[in-house]
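Just below is one structure, and these are the notes that go with it.
Values in this text are rule-based calculations from the coordinates and carry no lab data. Keep in mind that what you see is a predicted model, and the values were worked out from it rather than measured. All Cβ positions, glycine included, derive from the backbone under ideal geometry; neighbour counts span all protein chains shown.
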């Protein structure tokens, strides 16, 4: 359709054509693209899986009637809706027991099974149809039904051989080569099932067959059917169910979804130190400087001698980490090389943090010194804090100077790097985090370019703007020029998974939007490099001022920690049992040790939304006081996709804030003088930021250029606000010593409701 939205396939292709690109360019890019939403069961999804399942059942009933139209049995639909809503009404909304990791796995797998397995092949088929120009004569010739009898239509020799090798001896299918071939394929899949799962196939085959060695062999058999159909006037069949099955095999293999390994660099350091000490290589690895560590690691990676001695004694942590990597090796053996591709190292601040991973992989046979390029798992740094982002370039340069890491990267043609939005925000403000991520991405690309590699960025975004949330399409378009190039990975965390992928049609639209963003950012990118050169110095000044204002409040204001813990429901959130990890990394009450999710979630519940905007107003005021012109900020918002997305995300989060309600939360602080002092600082910064956003955008109200989003938020707020007031009163009672279990239950229900109403709240 003319003028279609750019985050739809039609709109994206229109933009590409207008930019001088062709559908063939898009087809070529997508053929080698990696567009990967990474489902992460973070503790920001407050709803129980039972509740999500019931909502999905209601949606399925409505969708079924939409699809059947006038033939829908309305009485049956209404009976089904009544049953599901009755079950939902009687279902407990909050958890009584804490989650364990298996619970989080089950939740994610349910989305893979119900949505992704069906949506992804159909979505890719739709893109193929848009990007290809079908031959009308062939479409006409193949429009009629064709018999698949071998006596009435030709088949390829390869397909004939597959059919003749089949164990299907039924006389009814003697001249039906495609069905006989499919019988063989099914029998081999059924034989593969117990090898992979330990369980028999749901439906036994009619004859025995040998299992597939891997998904490639299964895919090759399907391709034989497709090739024979296409070559013998059966493309009309090849392009339907069979094409979707082949796409599913390409995307999901036997493994269903690729897993990432992830561990903190401190854990690797302790494990490597333990192995080296027991082996007599180094008595105190942790005390060595970076150069000494790299020297030892390089020597070990060049040696085929394992460090682990099965008869020696090791720390429990060492044995646990080794067992994890042994399990990874077994998963790769059973499910193929796509099962696990990456080992993310959080808290990366040195190249040795990554080489330690390769050393541990060597211990389980996954890294071989004689053939490092064959290592199936790449170590990927995660740069999270502001300081680590600023040091990302030299860290990656030092890593790729090591032959072992460079060989692994060159074998796959890319070096993956994960960048964290949450901790960098908690460290230095939304504006500073966003700008430092932009600049780190540009710097990392210069490193991979110099090494002859492609950069593959893995964006560790959360649901809330304070953790990198917002429109995925806009976020991709706002990436530095050249850093997308057809490859991107993005975390989809917690409540975002159900919001974006809970229903097949919604999932398809979101996957399309992500694909459109990658296409446009890769083939028709906004002039980010030019605009960064022009406006970068201004962003630098804004960033420094924003970080200064933010840290002055959060890290340098006396009593701020006490205020935060009293004026938000952080203590009560710990009772919500929404994740398998504690709210803090340590027993400390310091902000530095608090995980980013409860930090953002707490400010969302209290309707301050502080991580999504604080510091921006002071930064703009300081810039203007220094002689800058508002005209430049207006031009940045108008012309620069990166800056416009930053402003729009800030608008969204501020539209969900409510300083009147926030003041009531501040009244929960026992020290009234402290409460007034800190809330006054927050209110003043809110006023400055609100005024700055309106001045830059030229609007009279927040979200003036996003009326649909404004309408949706306004529709939800009348339901959210009473829950905030209920929550405040119940928190006051509980903190005063009321131990009535109904008070605790009411707090958790209110937390649940506010989070659901705000949507991207954690």
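Things worth noting here:
- When the Cα gyration tensor is reduced to axis lengths a ≥ b ≥ c, the ratio a/c is 1.5 or higher for segment 290-400, and with a/b above b/c it is classed as prolate.
- Angle between the chain longest axis and helix 596-605 axis [Cα atoms, degrees, rounded to 10]: 60
- Between helix 316-335 and the chain: long-axis angle, C-alpha atoms, 0 to 90°, nearest 10: 40
- Cα gyration tensor shape of segment 153-232, rounded if a/c is under 1.5, else prolate or oblate by comparing a/b with b/c: oblate
- Cα-derived Rg to Rh of segment 530-758, Kirkwood definition: 0.99
- Listing 600, 447 from fewest to most neighbouring C-beta atoms within 10 Å gives 447, 600.
- Normalised contact order of segment 530-758, rounded percent, pairs of Cα under 8 Å and 6 or more residues apart: 23
- Here the contact order of the chain, divided by its residue count and restricted to Cα pairs under 8 Å and six or more residues apart, works out to 15 percent.
- In the chain, the DSSP beta bridges split such that about 5 percent are antiparallel, to the nearest 5.
- Segment 1-36 residues near the modelled residue 708 label - backbone nitrogen below 11 Å, point 7 Å along Cα→Cβ: 5-8
- Potential extension, residue 308-residue 667 segment - 0.36 nm per residue separation minus Cα distance: 123.4 nm
- Fully extended contour minus Cα-Cα distance, from residue 227 to residue 298, at 0.36 nm per residue: 20.7 nm
- Overall form of segment 680-762 per C-alpha gyration tensor (a/c, 1.5; a/b vs b/c): oblate
- On Cα atoms only, tilt of 101-111 relative to the major axis of the chain in degrees: 60
- In this simple spin-label approximation, residue 8 and residue 195 carry label points 7 Å from Cα along the Cα→Cβ vector, and these lie 4.6 nm apart.
- Inter-site label distance for residue 509 and residue 279 at 7 Å from Cα along Cβ, in nm: 5.4
- Each label point was placed 7 Å from the Cα along the Cα-to-Cβ direction; for residue 63 and residue 170 their separation is 3.1 nm.
- Linear extension gain, residue 71 paired with residue 219, 0.36 nm per residue minus alpha-carbon span: 49.5 nm
- Ranked by how many other beta carbons lie within 10 Å on average, peptides 513-525, 653-665, 679-691, 55-67 from highest: 513-525, 653-665, 679-691, 55-67
- FRET efficiency, residue 739 to residue 112 (Cβ-Cβ, R0 45 Å, nearest 0.05): 0.60
- Highest average packing first - 531-540, 730-739, Cβ atoms within 10 Å: 531-540, 730-739
- Burial order of peptide ranges 500-506, 341-347 (average beta-carbon count within 10 Å, highest first): 341-347, 500-506
- FRET efficiency, 1/(1 + (r/R0)^6) with R0 45 Å, evaluated for residue 49 and residue 203 via beta carbons: 0.95
- Translational diffusion of the chain, µm² s⁻¹ [Kirkwood Rh, Cα pairs; Stokes-Einstein; 25 °C; 0.890 mPa s]: 85
- Residues residue 530 and residue 635, FRET efficiency given R0 of 22 Å [Cβ-Cβ distance, rounded to 0.05]: 0.95
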